[in-house]
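Right, one structure below, let's go through it.
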Amino acid sequence: MNQDALSSRYDAQAGVFLILLPFFLLFVGDLQVPIGESTMTVPMGMFIVFPMLVLCMALERIVIPSSVLLLVGTLFFGLLGLLLTPEGGFLRAAAGTLPLLYAICILMVYAQFYRYITVERAAGMMLAGGIVLAVAAIILFVVAVMSPGGYYEQKLLIETPLGRSNYLAAFLIFLFALALAKQRALACLFAVAIFCTMSRGGALMFLLFIAALQMEKWRLLWLVWLGPLLLFFAATFLVSSDHQHSIVALAGPYQGEVLSIINRLLLWSFGFDLWIQHPLFGIGPNTFRTFVELNPGIENVWGAHNSIIQMLLNYGLFGTFLYVLYLREIYVRLRRAEQTAPWFRYLRVAFVVLQVFGLFEPLVGSAAFEVLLAYMLILALKQTSLPVSADTSIMAK
């Protein structure tokens, strides 16, 4: 092999590595950039994706996947909701739209560079990034338990550039599923890291994932999401804020845990009542925070801690419907990938469990989680050897 050919080969390998590097960086974390009254969260991998997107614009033919069209439609209805809500702020809403914009950019870029992606190498990069995350969580756990303070004070110390304990647990559950599929020796590391986040919700979802794997064999996976969904609606509609003090009084030594649950119920009730006033188009991305500030009795948070209410508020009924179609596409593609690679069953089950997790944790609509969903779709599409535009995409010049 002559020197020019060898140089070209190394350049090609370096290019492929650069294309796959964002899969690794996802688990390393995000950067926080202030924007007015809000904060722009930028996953580190986007600093590679953005230049690649600019490069794609110079291509003779650009592939626009159907998933991108669904997300663009979702953002369109969110913009309408913002314009129809006097309390909405442009800069705050702009920061709220970024997670879906990141997913759009990623899906666009990897639609053009589709042929350079291999499932094995992409999964390997994710596992490598996951090791960094898991080791960080374990080290932080050791620091936390050696620090003074109670459970909640110690739990606050479990934080990486990716996020805090509950949020980290969601990504570690995905990594645990991926490790079961590709490198089972790593599964123990991720399992330990899940419990080291000190996230009780994460531990519960980990156990649910184990149970869901068995239920999937019995073709009862639908119960995994339907049951919690019904419980969520029942809790939102039936629990009144009038019961707050009486419930806490009966809680005894578990008042802290019960109060945390009640705060979520109040957030859900407040968010649902707010959506009822703006059902079709919502109030615009991130505008929920503005209404929280206008109502001092509500817990001082950025989101409703529930994916359904958050999406209804951000994008209204129409936008949420399009986003649900996007989630359905991910699920269908994962199931189709199982026909050629049965290990995708682990990712499909993890996808369902993470949607359940999103019923009480702010996952859907957050930057890194939307990026993770986009990568899951890309892996499934590549595994089935389908172009990203295969079914219902369009071609644009």
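The values are calculated or read from the model by the stated rules, or taken from the named source; none is laboratory data. Keep in mind that this is a model prediction, so the values were computed, not measured. Cβ atoms come from the backbone with ideal geometry, glycine included; neighbour counts cover every protein chain shown. Side chains included, ligands, DNA and RNA excluded: accessible areas come from the protein's heavy atoms. Shrake-Rupley method; radii C 1.70, N 1.55, O 1.52, S 1.80 Å.
Couple of notes before you dig in:
- Here's how it looks for Gly282: its modeled amide H is under 5 Å from those of Gly316, Leu317, which are all 5 or more places away or on a different chain.
- Amide H contacts under 5 Å for Gly365, placed H, 5+ residues apart: Glu370
- Taking amide H as placed 1.01 Å from N in the peptide plane, Thr41 has its amide H under 5 Å from the amide H of Val33, each at least 5 places away in sequence or on another chain.
- Each other residue within a Cβ distance under 14 Å of Leu98 adds +1 if Lys or Arg and -1 if Asp or Glu, for a net charge of -1.
- Whole-Å distance, taken between Cα centres, linking the range 16-81 and the range 119-146: 23 Å
- The range 25-180, accessible surface, carbon-and-sulfur percent (1.4 angstrom probe): 73 percent
- In Hz, Karplus ³J(HN,Hα) per residue of the range 307-313 (6.51, -1.76, 1.60; θ = phi - 60°; x = Gly, Pro): 5, 5, 5, 4, 5, 4, 5
- For the pair Gln214 and Phe17 in one chain, pulling the backbone fully straight at 0.36 nm per residue adds 67.3 nm over the alpha carbon distance.
- Hz values of 3J(HN,Hα) by residue in the range 104-110 - Karplus curve (6.51, -1.76, 1.60), Gly and Pro given as x: 4, 4, 5, 5, 5, 5, 6
- Most tightly packed first, judged by the mean number of other beta-carbon atoms within 10 Å of their residues, the peptides 279-289, 150-160 read 279-289, 150-160.
- Peptide ranges 342-348, 221-227 listed from the most packed, as the mean C-beta count within 10 angstrom indicates: 342-348, 221-227
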